[in-house]
Amino acid sequence: MAGGRLPSLCELMPILLLYGTDEFAISRRISEIASQTDRDGMNTSRFEARLTSEEELNNAVNSLPFLSDKRLVVLANPSQKFNSAETKKKFTAFLANVPSTTLLVMHETLESKEAEKHWLVKGVAKIEAARTEALMAPKVRDMNGWIVNETKQQGGKIASAAAVKLAELVGADTRQAAQEIAKVLTYVNWERQVDLADVQAVCVSTAEVNIFDFVDSLALGDAKTAQSMLRTMLEEKNAAEIFPMIIRQFRLLIQAREIVEARGMVQDVQEALGVHPFVAGKVFQQAGRFTMRNLESIHRRLLKMDEAYKTSAMPLDTALEMFVVELAGRS
């Protein structure tokens, strides 16, 4: 099942496999099921398959619900545990005997092509008391429509230009898109349509969020994470787009550090820098992790990198890799 109306609890069979690439949609679906099945959580067990023994899983699935008709068991990534021919066969046999008093919800991250041949998808399809739901992340080109629909689902309306702008900011990140929609609907208080100016005033781009996380890892001296994040950003944007954002971030940090040293607060950072409250909060927090001397040194290093790039002395992506190793190594 790839779209359309999702079944209610009364329509659900004892076994449900959620699979796809939209982690946010899978998480939301599980929350919907949990709210219908067991609002207080007394009859819910959640497991990460690779960290769960067969005995623990068996006990959870076969326990009777307490003062309820149904027990909910959520199992994440069963393929990570059941990955040999013998364990796959044993687990499939286990699924065939899940009692009607238990709703077993499994979820896996799978691409469409991968799902067609996946042993668990095929195995669940053969069980009469089981069903699957495919929840695939939208393509970037489809995010405008996704944003319009999600805004309606959250009880609001959004102008076409505003949806286009928000899609530019978040890319294909549905979780962040949903969060930004909630923020902007709160901003207009659900009283009118969300316009372009509202998105520009309230929403933060995925790229900007990534830069914050990248700087966090540098401040903590976590070179491995910083390098991984840099590579991810370079896959999404070219170095010439990312580099100015890094320079801007450290300029903001220098300004914020001055405010911190003057015993200012996050509100002072927001007013002085003229930035979004989310940005002000992150910058204020990060400024506390650097000394002014470190920040000024980093800024000078970035300016030298910029000069080297402009004179073709060194490719920018290589310079950024070296910058991460040097800075994280000193932290």
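The values are calculated or read from the model by the stated rules, or taken from the named source; none is laboratory data. Here the structure is a predicted model, which means the values were calculated and not measured. Counting neighbours? That spans all protein chains shown, and the Cβs are built from the backbone with ideal geometry, glycine included. What goes into the accessible areas is simple: the full protein's heavy atoms, side chains included, and nothing from ligands, DNA or RNA. Shrake-Rupley method; radii C 1.70, N 1.55, O 1.52, S 1.80 Å.
Give me the extension gain from A313 to A125: residue separation times 0.36 nm, minus the current Cα-Cα distance, reported in nm with one decimal.
Residue separation times 0.36 nm, minus the Cα-Cα distance, leaves 61.8 nm.
What is the mean projected area of the alpha carbon convex hull for the stretch 253-306, to one decimal in square nanometres?
Values: hull surface 14.9 nm².
For the stretch 253-306, the mean projected area of the Cα convex hull comes to 3.7 nm².
Size of the stretch 1-146 along its principal axes in angstrom, Cα-based, largest extent first?
46, 37, 28
Would you mind getting me the FRET efficiency between N149 and R46? Use the beta-carbon distance for r and R0 = 45 Å, nearest 0.05.
Details: r = 29 Å, r/R0 = 0.63.
After rounding, the FRET efficiency stands at 0.95.
Let me check against my output: what whole-number percent is the relative contact order of the chain, with C-alpha pairs under 8 Å and at least 6 apart?
Numbers: 430 pairs, mean separation 50.6, N = 331.
For the chain, the relative contact order is 15 percent.
Calculate the translational D of the stretch 78-195 in whole µm² s⁻¹ from Stokes-Einstein, where the hydrodynamic radius comes from the Kirkwood formula applied to all Cα pairs, the temperature is 20 °C and the viscosity 1.002 mPa s.
My calculation gives 125 µm²/s for D.
Near the amide H of V194, under 5 Å away, which other amide H atoms are found, from residues 5 or more places off or on another chain, if H is placed in the peptide plane?
Excluding prolines and chain starts, which carry no amide H, the hits are K157, I158, A159.
State the answer as a single residue: which of N62, I147, A182 lies farthest towards the positive end of the charge dipole of the chain, with beta carbon charges of +1 for Lys and Arg and -1 for Asp and Glu, about the Cα centre.
Sorting the options by dipole projection puts first N62.
Loop only by DSSP, 10 or fewer other Cβ within 10 Å of the Cβ. Give me the trypsin sites (Lys or Arg not before Pro) in the stretch 251-331 that pass, ordered by residue number.
Loop-located and lightly packed - R263.
Quick one: which residues, 5+ away or cross-chain, put their amide H under 5 Å from the amide H of L17? H built at 1.01 Å from N.
For L17, whose amide H was placed from the backbone, the distant partners under 5 Å are M106, R131, T132, E133.
Computing the accessible area with a 1.4 Å probe over protein heavy atoms, can you report the carbon and sulfur percentage for the chain? Let's see the in-between values first.
Working: 8850 of 17590 Å².
Its accessible area is 50 percent carbon and sulfur atoms.
When the Cα centres of the stretch 155-210 and the stretch 60-103 are compared, how far apart do they sit, in Å?
39
Go ahead and collect, in residue order, the members of the stretch 288-327 whose backbone nitrogen is under 18 Å from a label point 7 Å along the Cα-Cβ direction of D268.
288-293
Residues with amide H under 5 Å of S45's amide H, sequence separation 5 or more or different chain, H placed in the peptide plane at 1.01 Å from N; which?
Those qualifying (amide H under 5 Å, at least 5 residues apart or on another chain) are L72, V73, V74.
Based on the Cβ-Cβ distance from A85 to E55, what FRET efficiency comes out when R0 is 22 Å, to the nearest 0.05? Display every interim value, and only then the final one.
Working: r = 22 Å, r/R0 = 0.99.
Efficiency computed from Cβ-Cβ geometry: 0.50.
Normalized C-alpha radius of gyration of the stretch 226-331, against 2.2 N^0.38 Å?
1.12
To make sure I understand the rule: partners must be lysines, Cα under 24 Å from the Cα of K126, and not fewer than 8 residues away in the same chain. Which ones qualify?
K70, K81, K88, K89, K90, K113, K117
In deg cm²/dmol and to the nearest 500, what is the mean residue ellipticity at 222 nm of the chain if only DSSP H runs of at least 4 residues count, each as -39500 (n - 2.57), divided by the residue total?
Only helices count here, giving -18500 deg cm²/dmol.
For the stretch 106-153, what log10 I(q)/I(0) values come out of the Debye formula at q = 0.17, 0.30, 0.31 1/Å, with one point per alpha carbon and no solvent?
The calculated log intensity ratios at q = 0.17, 0.30, 0.31 Å⁻¹ are -0.65, -1.12, -1.17.
Expected output is a single nm value to one decimal: the length gained when fully extending between V140 and E111, i.e. 0.36 nm times separation in residues minus the C-alpha distance. What is it? Kindly include the intermediate steps, with their values, before the conclusion.
Numbers: separation 29, 0.36 × 29 = 10.44 nm, distance 1.57 nm.
Stretched out fully, the V140 to E111 stretch lengthens by 8.9 nm.
Suppose each label sits 7 Å from its Cα in the direction of the beta carbon; what would the M322-D69 distance come out to in nanometres?
According to this spin-label approximation, the distance is 6.8 nm.
Can you give me the relative contact order of the stretch 21-162 as a percent, contacts being Cα pairs under 8 Å and 6 or more apart? Provide the component values of the computation, followed by the final result.
Numbers: 144 pairs, mean separation 34.9, N = 142.
Once divided by the residue count of the stretch 21-162, the mean separation gives 25 percent.
How long are the semi-axes of the ellipsoid equivalent to the chain, from square roots of 5 times the Cα gyration tensor eigenvalues, in whole Å, largest first? Display every interim value, and only then the final one.
Working: eigenvalues 387, 124, 78 Å².
In descending order the semi-axes read 44, 25, 20 Å.
With a 1.4 Å probe and all protein chains left in place, how much accessible area per residue does the stretch 1-155 have, in Å²? If you can, show how the numbers build up before the last one.
Values: 8580 Å² over 155 residues.
In whole numbers, the stretch 1-155 has 55 Å² accessible per residue.
Convert each backbone phi in the stretch 40-53 into a coupling constant with the Karplus relation 6.51 cos²θ - 1.76 cosθ + 1.60 (shift: θ = phi - 60°), then list the ³J(HN,Hα) values in order as whole Hz, x for Gly and Pro.
Karplus-based 3J(HN,Hα) across the stretch 40-53 equals 8, x, 5, 10, 10, 10, 10, 9, 9, 3, 5, 9, 10, 7 Hz.
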